[in-house]
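The values are calculated or read from the model by the stated rules, or taken from the named source; none is laboratory data. What you see is a predicted model, and the numbers here were worked out from it, not measured in a lab. Every residue, glycine as well, gets a Cβ built from its backbone with ideal geometry; the counts of neighbours run over all protein chains shown.
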Amino acid sequence: MMKIIGAVFLSAFFVASSWATTLVETSDAGNTIPTAIVVGDEVTQIEGVLEADHDLWGFSIGASQSVQILLWNSPFDENLLLFDSQGRGLAGNDDIGRGTASPGIDLPPGVSGLDSEIVTFLDPGTYYVGVGANNSSGFTSADVSFISNDSGLLQTPTTDVLGYVGGSLGNGEYTLAINRIVPEPASTSAMALFAMVVVGTYRRRLRGGNCSR
């Protein structure tokens, strides 16, 4: 019984580890929702490049959870923007500012306070991440800027809808991470408790059998 339980937990661990994937941008991600590149759940890191433009990446959330979006490893001063499935602005960040991780969240080596990070709680759905240089903004189709970095332009929640990501142009490669912060589900704790009960019962039976001999 103990061997079976151990095999189940090890299998789950290795399967979950294999889901993490890095995607390298080979075709240009556009700066509008129709031209954005939407990545699968298995993609947790994107190696992209700006060529005097802006990129827009889409991703999906299957269950309500916190998400860390991190932009770093570029030669330009990054700007990070987050939109919902309709293109309404949710968050913007220019500089992390802390130079350290958000509470309970590690930052990769080389990340500085001048890089960009958004940590927020998201409900199930599709979301879009805008990548650009400092002072990039989300513009409506009428060329009105309605979401920018942490300079105060953002109003939450915004009712304006994204036409395109524009503003300051960036040049160079960058790294974008989309980390889903999944709390330990109650079912996992229940499984662990069940396993402890089963193992305890198994051991008691063994001891009982030894005593009767």
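Quick look at the numbers
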quantity: Boolean, Thr126 is more than 26 Å from Asp28 (Cβ to Cβ) and either modelled with pLDDT of 85 or more or part of a loop (DSSP other than H, G, I, E, B) (or both); calculated: no
quantity: Selected residue [within 16 Å of the chain's Cα centre (by Cα) and in a strand (DSSP E or B)] from Ala63, Ala91, Ala52; calculated: Ala91
quantity: Number of the condition not met by Gln68 [criteria: (1) under 21 Å from Gly167 (Cβ atoms); (2) in contact (Cβ under 8 Å) with a residue 40 or more places away in the chain]; calculated: (1)
quantity: Residues of region 37-49 classified as without any contact (Cβ under 8 Å) to a residue 60 or more places away in the chain and assigned to a strand (DSSP E or B), total; calculated: 1
quantity: Top-ranked residue in region 112-123 [being assigned to a loop (DSSP other than H, G, I, E, B) and modelled with pLDDT of 90 or more; ranked as nearest to the chain's Cα centre (by Cα)]; calculated: Asp123
quantity: Region 66-84, residues that are part of a strand (DSSP E or B) and among the polar types (S, T, N, Q); calculated: Ser66, Gln68, Asn79
quantity: Every pair of residues 6+ apart whose Cβ atoms lie under 7 Å, when the first sits in region 149-178 and is within 27 Å of Thr44 (Cβ to Cβ) and modelled with pLDDT of 90 or more while the second is buried (at least 19 other Cβ atoms within 10 Å of the Cβ) and charged (D, E, K, R); calculated: Tyr174/Glu78
quantity: Top-ranked residue in region 53-100 [being of a type in the set (Ser, Thr, Tyr) and surrounded by fewer than 19 Cβ atoms within 10 Å (Cβ to Cβ); ranked as modelled with the lowest pLDDT]; calculated: Thr100
quantity: Residue match in region 132-141 (condition: modelled with pLDDT under 90 and surrounded by 14 or more Cβ atoms within 10 Å (Cβ to Cβ)); calculated: yes
quantity: Cross-chain or 6+ apart pairs with Cβ under 6 Å, region 116-128 first and without any contact (Cβ under 8 Å) to a residue 60 or more places away in the chain, then crowded, with 19+ Cβ neighbours inside 10 Å and of a type in the set (D, E, K, R); calculated: Ser116/Glu78
